[in-house]
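*Asks:* Encoded as structure tokens, here's the structure I'll be asking about.
The values are calculated or read from the model by the stated rules, or taken from the named source; none is laboratory data. From a predicted model like this one, the values you see are computed outputs, not experimental measurements. We place every Cβ from the backbone using ideal geometry, glycine too, and count neighbours over all the protein chains shown. Surface areas here come from the heavy atoms of the whole protein model, side chains and all, with no ligands, DNA or RNA. Shrake-Rupley method; radii C 1.70, N 1.55, O 1.52, S 1.80 Å.
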Amino acid sequence: MAKKIIYWVSTGMLTLIMCFSVFNYFFNNDLIVGFFENMGYPTYLIYPLAIAKILGLIAVWGNFSKWLKEWAYAGFFFNTLLAFFAHYMVSDGEHMGAAIAIIAVLASYFTGKEVRP
């Protein structure tokens with residue numbers, strides 16, 4: 001029972017974090033462009049990254065195929081890990097949100113393997 005609760009809470013947190021990110025990518029674009037430029041990332045990645053996050057959430061929640069879900073979790077893991085280090089390296093104070101997202105990704109992934117088929 002505890003694993004089910006951890007799975008649903010962490011998957012919900014992951015979903016909220018990614019939806020917040022996607023919302024900002026589309027509707028607070030000037031702010032996100034500033035973050036990307038400050039970190040030295042190309043700004044043309046903003047919209048494809050937002051779309052990839054939406055597709056990743058669909059893959060996780062849709063439970064279409066294990067292979068697709070594995071790739072979605074891998075994408076979320078690398079995205080949040082790189083976001084953590086990028087924010088940490090530029091010292092903008094936003095790295096804790098990425099750290100929480102990493103924990104949510106890992107908790108959702110590992111408990112989901114046992115809770116959902």
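*Asks:* Solvent-accessible area of V33, probe 1.4 Å, all protein chains present, reported in Å² to the nearest ten, please.
*Replies:* 30
*Asks:* Which of the listed residues, I6, I102, F35, is farthest toward the dipole's positive end in the chain, when Lys, Arg count +1 and Asp, Glu count -1 at the beta-carbon?
*Replies:* Positive-end residue among those listed: I6.
*Asks:* Give the whole-number value, in cubic angstrom per residue, of the convex hull volume spanned by the C-alpha atoms of the chain.
*Replies:* 90
*Asks:* Mind ranking W61, W71 by accessible surface for me, highest first, 1.4 Å probe?
*Replies:* Largest to smallest exposure gives the sequence W71, W61.
*Asks:* How large is ³J(HN,Hα) for each residue in the range 68-74, as worked out from phi by the Karplus curve 6.51 cos²θ - 1.76 cosθ + 1.60 (θ = phi - 60°), to whole Hz, x for Gly and Pro?
*Replies:* So the Karplus estimates, Gly and Pro as x, are 5, 5, 4, 5, 5, 5, 4 Hz.
*Asks:* What is the Å³ per residue value for the convex hull set by the Cα atoms of the range 60-110? The partial results should precede the final answer.
*Replies:* Details: hull volume 3.0 nm³, N = 51.
With only Cα atoms used, the range 60-110 gives 59 Å³ per residue.
*Asks:* Something else now. For the chain, take the longest principal axis of its alpha carbons; what is the angle in degrees between that and the long axis of helix 2-27, to the nearest 10 within 0 to 90?
*Replies:* 30
*Asks:* What does the extension gain come out to for F77 and I54, with contour length at 0.36 nm per residue minus their alpha carbon separation?
*Replies:* That works out to 6.8 nm of additional length.
*Asks:* Turning to a different aspect of this structure: To the nearest 0.05, how large is the calculated FRET efficiency for N29 and L106 if R₀ is 25 Å and r is the Cβ-Cβ distance?
*Replies:* 0.25
*Asks:* Hey, what angle do you get for helix 46-62 against the long axis of the chain, alpha-carbon based, 0 to 90 degrees rounded to 10?
*Replies:* With both axes taken from Cα atoms, the answer is about 10 degrees.
*Asks:* Between 0 and 90 degrees, rounded to the nearest ten: what's the tilt of helix 95-115 against the longest Cα principal axis of the chain?
*Replies:* 20
*Asks:* Can you give the accessible area of D92, probe radius 1.4 Å, in Å² rounded to 10?
*Replies:* 50
*Asks:* With an 8 Å cut-off on Cα pairs and a minimum separation of 6 or more residues, tell me the relative contact order of the chain in percent.
*Replies:* Once divided by the residue count of the chain, the mean separation gives 38 percent.
*Asks:* If each DSSP helix of 4+ residues adds -39,500 (n - 2.57) and the sum is divided by the residues in the chain, what number results at 222 nm, nearest 500 deg cm²/dmol?
*Replies:* The per-residue figure over the chain is -29500 deg cm²/dmol.
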